[in-house]
Amino acid sequence: MSPQFLLRRLLGVVPLLLGISLLLFIIIHLAPGGPLDAYVDNPSVTPEALAQIKVAYGLDQPLPIQYFKWVKSLAQGMWGYSIRSGRPVTTEIADRLGATLLLGGAALILSMSLALPIGIVTAALRRSAWDHALTFLSFAGISVPVFWLALMMQLLFAISLGLLPVAGYETIGSSGVLDRVRHLAMPAVVLSLATVAAWSRFLRASMVDALGQDHIRTAYAKGHSTMGVLIKHALRNALLPFVTVVSMEMASIISGAVITETVFAWPGIGRLFVESMDGRDYPVLMALMIMGSAALVLANLAADVVYGLIDPRIRYD
Amino acid sequence: MTENRGALSLIFLIVLAALVCVVPMISPYEYDQEDLDLIGQPSPPGRAHWFGTDELGQDSLTRVFYGGRISLAVGLASALVATLLGTTVGALAGFFGGLIDGVLMRFTDVVLSIPLLPLVLLLSGLFRPGLAMLVMSIGGLTWMGTARVVRSQFLSLRELEFVDAARALGAGNGRLIVRHILPNAAAPIIVSATLAVGSSIMLESALSFLGFGVQPPTPTWGNLLKDASPWIGAAPWLALPPGLLIFATVLAVNFLGDGLRETLEISR
């Protein structure tokens, strides 16, 4: 991979991010009430005060100028203040990011460690009972509504069996590792389910492709064991597309936690988003949307770069 | 089993559609009829109320199937919007290429780069939508996959000789796109339209579950689950039917889509 490619790909991110910010800006300004919706509904804010706020925020200026100023301040790291709490948006998000990264990281590890063996087994035992059963399960995994699954797990493991806490981040007063793990267990499983299903199906498909290659037959003919061929010869090839899918979806695990965090009262940025929706806290909402989109864009970029790095056959020029 | 999955799923979906039409009609209760004797907390399933009642004394069975009408209708309509939009964008980009292709595909990239669920949440929160607006925002944000598929079909199909032949006979661009190329791209469009029904139903129920979709007293599977969730310990029977129905419906749609893909791809 040439540095020129890397540079061009990096530069391509800029117009994409500008496009995203423009689209979000248009959406916010099309909405009834606009960015000050929270104040419009508030009976204690008089029309005169509203007009003053408008001027103070620069919302009386022409839209293109507003957009330009908004992007400029975003780029300078001035993300504004939360309407609900009055604290800087960046503090508001930083306080919540840790919980989301913990949950997302746990879900990611869980997804990888389940999807890899399932993908390999189903490809190796193609058309067997195992394959059919696991394929059925992965269809179920992508079809089950996560909020319902979460409720059912709360009912089974917390309410009926009493094994795990119903929801929350920690037990007040005890902050041990075990306590955190017990709180993490159900949300992490729920969050990883769809990824396990999708990834194992994807890996199965690329394993089946890889197993159909001539060099696999050669490896068998030379007397390699089945395990050796599967792992050393097929998996190494099948992993190439798999790695790109995984790196692309890292971002969506993080931003996909909206439902899971809400059901399990997990104090991450997904829940912050829903709370800010309730309070029409546009500065926070916009910041989260921009961050989530930027994460997606960067993950796509990372996927491209990683693919080029690990597969010497790939040449971008 | 794999061969029959699609057919069985189709039968299931037809039966389900019939049930959501018929059950609310023959049920002795209205979907928003509150029984004042049962108000206060949910009552368990019994002879009078097969699925029990919620805390307002509303019959759960009636609400689940009436809600099914809304959930299925929103899912179908959103998928239709997404398919129409995606096909239009993909067809224009793939047929004309050049600047039109560049602009449309960059726009597709932009929409694809914004996390879907938060964006739909933002839209429904901003516009406090009715059903039509909800359908528009779900369909309006899920067309990108179809657009990419249709574009790639058009890119390869437009180079084929039958297109030249039709053009030589005097067919204009509109006619070439709609009458000649589009029918040949039908298979992947049908598959992605089918799968879109499943993801739209899922998206609508997620929105309604979080409180930003269809508002009570109009039930959908999503807001029935939202209402059931505070009672999950005391009245688990309320959460079971709507969740199972979303699950079964989306599963059936996914099996159907997968079956269609295999059948249509083999026949090509």
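Brief remarks on what is shown
- Cβ neighbours within 10 Å from other chains - mean over A:147-154: 6
- Just so you know, the averaged projected area of the alpha carbon convex hull for region A:158-236 sits at 8.1 nm².
- Highest average first, the peptides A:190-196, B:82-88, A:51-57 ordered by how many other beta carbon atoms sit within 10 Å of their residues are A:190-196, B:82-88, A:51-57.
- Measuring between their Cα centroids, region A:272-317 and region A:34-82 lie 26 Å from each other.
- Anisotropy class of region A:1-89 from Cα gyration tensor, a/c 1.5 cut: prolate
- Per-bin percent of Cα-Cα distances, region B:1-151 [5 Å]: 2, 9, 12, 12, 12, 13, 13, 10, 7, 5, 3, 2, 1, 0
- Taking other residues whose beta carbon is less than 13 angstrom from the beta carbon of A:A107, and scoring Lys, Arg as +1 and Asp, Glu as -1, yields -2.
- Computed from point charges on the beta carbon alone (+1 for Lys and Arg, -1 for Asp and Glu), the dipole magnitude for chain A about its Cα centre is near 1100 Debye.
- In this structure, the amide hydrogen of B:D59, modeled 1.01 Å from its nitrogen in the peptide plane, lies closer than 5 angstrom to those of B:Q33, counting only residues at least 5 positions away or on a different chain.
- Taking one quarter of the surface of the C-alpha convex hull of region A:1-40 gives a mean projected area of 3.4 nm².
- Over region B:121-194, the Kirkwood radius and the radius of gyration, each from Cα atoms, give a ratio Rg/Rh of 1.18.
- Amide H to amide H distances under 5 Å link A:Y81 with A:V89, where only residues 5 or more positions off or on other chains count and H is placed in the peptide plane.
- Among A:R204, A:R280, A:R84, residue whose mean-square fluctuation peaks in a GNM of chain A (springs only between Cα atoms under 10 Å): A:R84
- Gaussian network model of chain A, springs between alpha carbon atoms under 10 Å - residue of A:A221, A:A234, A:A115 with greatest fluctuation: A:A221
- Over all Cα atoms in the protein assembly as shown, the spread is summed up by Rg and Dmax: 25.6, 85 Å.
- Qualifying trypsin sites (Lys or Arg not before Pro) in region A:127-182, DSSP loop, other Cβ atoms within 10 Å at most 15: A:R127
- Calculated SAXS-style log₁₀ I(q)/I(0) at q = 0.09, 0.10, 0.12 Å⁻¹ - chain A, Debye, Cα scatterers: -0.63, -0.75, -0.99
- Sorted largest first, the spans of the alpha carbon positions of region B:148-268 along the three principal axes are 72, 30, 18 Å.
- Rounded to the nearest Hz, the phi-derived 3J(HN,Hα) couplings of region B:163-176 under the Karplus curve 6.51 cos²θ - 1.76 cosθ + 1.60 (θ = phi - 60°) are 5, 4, 4, 5, 5, 4, 7, x, 6, x, 4, x, 5, 4, where x marks glycine and proline.
- Of every Cα-Cα pair in chain B, the percent that sits beyond 29 Å: 43
- Helical runs (DSSP H, four residues minimum) scored at -39500 (n - 2.57) apiece and divided by the length of the protein assembly as shown put the mean residue ellipticity at 222 nm at -23000 deg cm²/dmol.
- Taking B:E30, B:E204, B:E161 as the candidate residues, the one with maximal mean-square fluctuation in a Gaussian network model of chain B, Cα springs under 10 Å, is B:E161.
- Using θ = phi - 60° and Karplus 6.51 cos²θ - 1.76 cosθ + 1.60, couplings along region B:241-248 (whole Hz; Gly, Pro as x): x, x, x, 4, 5, 4, 4, 5
- Range of Cα positions in region A:47-169 per principal axis (Å), largest first: 70, 36, 25
The numbers here are math on the coordinates, done by the rules we state, and not lab data. Fair warning: this is a prediction, and the values are worked out from it, not measured in the lab. No Cβ is skipped: glycine too gets one built from the backbone with ideal geometry, and neighbour counts run over all protein chains shown.
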